[in-house]
Amino acid sequence: NGTGSAWGACGIGGASKGRLVRCLIAGNMATSDAGNTSLGHGGTGGTSGSTLIECVVSNNTAQQRTGGVSGGTGYNNLVINNYSGADGGGIFGGTHYNTLVVGNVARRGVAGVAWGTVLYNCTVTGNTSQNNSNGGLNTGRVTSTISWGNVGAKDSLTYATNSCSSAVKDTHGPGNTAANPKLGTVGRLQYVPMPGSPCLNAGVYQPWMTDMADVRSHDRHGRRRI
């Protein structure tokens, strides 16, 4: 928990270019971006360019760029309640699997997931863009991903397959739906597709889903993906 200003080319509040396993990255602040707003740099509250495995990135702030996670690779993480003064309240760039992005806020940009990020089996919900930019997604490629219940303009996607968003069109890719995913709570599990959801058993099969040695083979709650 700390404050980062301009360290070389960027201001990082939390962790930079490390490997974090089952860690809590919370309450950090980036106060400067040193004039550099390129992908993976430019004022990141939580982590930048890191590998995150089963981590929680929570309540981090960036005054000028990414609140939660900038770049890197993420597996089975929770990115929650982070704040950005610009784009990427939750995630800005990188590749992320089985990750929940919820409750993040951007003052004048994309609240949930921004710019060129690749998502697999992720859920993006309850994020807020205060200037009515994209509340959920403005990103590159998403697969088997849900974006719903975000506050701000409609999602902007380059390519999507077997995903759920109010913005998806036939031109984005196959197997998508703009219908309500019917997310709810089952016991301690939140944001779960409930009975009747068009997202149940509608994702893309990937070989790693049945490889028990691969962390991606189970969801954030430890349940087998298949």
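The values are calculated or read from the model by the stated rules, or taken from the named source; none is laboratory data. Predicted model only: the values in this text are computed from it and were never measured. Using ideal geometry, Cβ is built from the backbone for each residue, glycine included, and neighbour counts are taken over all protein chains shown. What goes into the accessible areas is simple: the full protein's heavy atoms, side chains included, and nothing from ligands, DNA or RNA. Shrake-Rupley method; radii C 1.70, N 1.55, O 1.52, S 1.80 Å.
3J(HN,Hα) couplings calculated from phi for the range 18-30 with the Karplus curve 6.51 cos²θ - 1.76 cosθ + 1.60 (θ = phi - 60°) are, in sequence order, x, 10, 10, 10, 6, 10, 10, 10, 9, x, 9, 9, 9 Hz; Gly and Pro show x. Restriction of the trypsin sites (Lys or Arg not before Pro) in the range 165-226 to DSSP coil positions whose beta-carbon has at most 10 other beta-carbons within 10 angstrom yields 188, 223. Going by a ≥ b ≥ c, the root eigenvalues of the Cα gyration tensor, does the range 183-226 fall in the rounded group (a/c under 1.5), the prolate group (a/b larger than b/c) or the oblate group? Because a/c hits 1.5 or more and a/b fails to exceed b/c, the range 183-226 counts as oblate. For the chain, relative contact order (Cα pairs under 8 Å, six or more residues apart, normalised by length) works out to 10 percent. For the range 118-182, relative contact order (Cα pairs under 8 Å, six or more residues apart, normalised by length) works out to 27 percent.
Averaging the sequence gap over all C-alpha pairs within less than 8 Å and six or more residues apart, then dividing by the number of residues, gives the range 125-226 a relative contact order of 17 percent.
If you take Kirkwood radius over Cα pairs in Å from the coordinates, which of [x] 18.6; [y] 17.8; [z] 16.8 do you get? The calculated read-out lines up with [z]. Across the range 59-73, coupling constants 3J(HN,Hα) worked out from phi with the 6.51/-1.76/1.60 Karplus curve, θ = phi - 60°, read 6, 9, 9, 10, 5, 10, 8, 8, x, x, 10, 10, x, x, 9 Hz, and Gly and Pro carry x. Excluding ligands, DNA and RNA, the accessible surface per residue across the range 41-195 is 33 Å² with a 1.4 Å probe.
Placing unit charges on each Cβ (+1 for Lys and Arg, -1 for Asp and Glu) gives the chain a dipole about its Cα centre, and among 76, 31, 94 the Cα reaching farthest toward its positive end belongs to 76.
In order along the range 101-106, the phi-based Karplus estimate (6.51 cos²θ - 1.76 cosθ + 1.60, θ = phi - 60°) of 3J(HN,Hα) comes to 10, 9, x, 8, 10, 10 Hz; Gly and Pro are listed as x.
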